[in-house]
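The structure appears right after this line, and notes come after that.
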Amino acid sequence: MKIIRFETISSTQDEVEKYIGCGEDVIVFAKEQTGGKGTKGRSFISTRGGLYFSYLKNYENFKAEDAHKIIENASIAVCFALNDLGVEAKIKWPNDILSHGKKICGILTRGFIESGFIRYSVTGIGVNVNNEISPGLKDIAVSVKEITGRAADEEALFQKILKNLEKKSDRNIYKELSCVIGKRIAVSCGDNEYETTAIDVLADGRLKTADGKLLSGEEIRLL
Ligand code: BTN
């Protein structure tokens, strides 16, 4: 695996995609992003002090229906790495990591499918480590430094996450780390929201709710 480092870049996600087809697993890491990308076309504030990287992984025999395991695996890897720093971390389906109810990490995944198999995936991980959380986001976002009261070693956290990413995803661990299962949630539906209870994250990655719906990637809010 090759790791390419930048001081500043627009988005590690765009950069790593340049290596698709090279046959090698590649990580693009940056200390700061000027055009960080979030889910659903949003931007992801990526100022200095945070951890930002994108991971291009090639697969031999990975069925498309297992695509959700990529984000599950990444979520578990981040939670355990944060726990090692003494930071409580929980998974908010589908792609956020929360600590004490606030977002500490966002994950963005993209799978490239051919004939029913994922040939490669790109996983972008952004963790608030020592970066300042902008005043407008203080109610919903938090950093490692704010939680522990001291600066953390971003490189050590990066290495821990990489090591954890090598492990296979485990559904039971994923469920234990979920802060959504059993909780009241609001589900976005166009311009509206409806309230329900999250029952389970199924083996296919969908979120089952008390009203019998199976959600796949919808925006949810914990109530
Ligand atoms: C989200 O919370 O909406 C997902 C955020 C993903 C951010 C990471 S930071 C590294 C990689 N590069 C990007 O531009 N985005 C992802």
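The values are calculated or read from the model by the stated rules, or taken from the named source; none is laboratory data. As the structure is a computational prediction, the values presented were derived from the model and not from experiment. Don't worry about glycine lacking a Cβ; one is built from the backbone with ideal geometry, like all the others, and counts go over all protein chains shown. Heavy atoms of the whole protein, side chains included, go into the accessibility calculation; ligands, DNA and RNA do not. Shrake-Rupley method; radii C 1.70, N 1.55, O 1.52, S 1.80 Å.
Selection of segment 1-22 for residues being in a helix (DSSP H, G or I) and either of a type in the set (D, E, K, R) or open to solvent by 70 Å² or more (accessible area, probe 1.4 Å) (or both) yields Asp14, Glu15, Glu17. Sub-7 Å Cβ pairs linking a first residue in segment 40-68 that is under 21 Å from Glu132 (Cα atoms) to a second residue that is in a helix (DSSP H, G or I) and of a type in the set (A, V, I, L, M), at least 6 apart or interchain, are Leu51/Leu157, ordered by first then second residue.
Taken together, Lys90, Lys57 contain a single residue that is at pLDDT 95 or above and within 15 Å of the chain's Cα centre (by Cα), which is Lys90.
Determine, yes or no, whether Val28 is without any contact (Cβ under 8 Å) to a residue 40 or more places away in the chain, buried (at least 23 other Cβ atoms within 10 Å of the Cβ) and within 14 Å of the ligand (Cβ to nearest atom). Outline the logic, then answer.
Values: without any contact (Cβ under 8 Å) to a residue 40 or more places away in the chain: yes; buried (at least 23 other Cβ atoms within 10 Å of the Cβ): yes; within 14 Å of the ligand (Cβ to nearest atom): yes.
Spelling it out, Val28 is indeed without any contact (Cβ under 8 Å) to a residue 40 or more places away in the chain, buried (at least 23 other Cβ atoms within 10 Å of the Cβ) and within 14 Å of the ligand (Cβ to nearest atom).
For residues in segment 31-62 being more than 10 Å from the ligand (Cβ to nearest atom) and of a type in the set (D, E, K, R), which is surrounded by the fewest Cβ atoms within 10 Å (Cβ to Cβ)? Per the criteria, the residue is Glu60. Taking the criterion of being more than 19 Å from the chain's Cα centre (by Cα) and more than 13 Å from the ligand (Cβ to nearest atom), the residues of segment 6-25 that qualify are Glu7, Lys18, Tyr19, Ile20, Gly21, Cys22, Gly23, Glu24.
Residue-by-condition table, conditions (1) touching a strand residue (DSSP E or B) at 6+ places or on another chain (Cβ under 6 Å); (2) away from the ligand (no atom under 15 Å from the Cβ); (3) under 12 Å from Val144 (Cα atoms); (4) touching a residue at least 12 places away in the same chain (Cβ under 8 Å):
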| position | (1), (2), (3), (4) |
| --- | --- |
| Ala77 | no, no, no, yes |
| Phe80 | no, yes, no, yes |
| Ala89 | yes, no, yes, yes |
| Pro94 | no, no, no, yes |
| Lys102 | yes, no, yes, yes |
| Ile107 | yes, no, no, yes |
| Glu114 | no, yes, no, no |
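Within segment 181-200, residues that are farther than 15 Å from Leu98 by Cβ have Cβ atoms under 6 Å from residues that are surrounded by 14 or more Cβ atoms within 10 Å (Cβ to Cβ) and basic (Lys, Arg) in these pairs: Ile199/Lys208; Asp200/Lys208, counting only partners at least 6 apart in sequence or on another chain.
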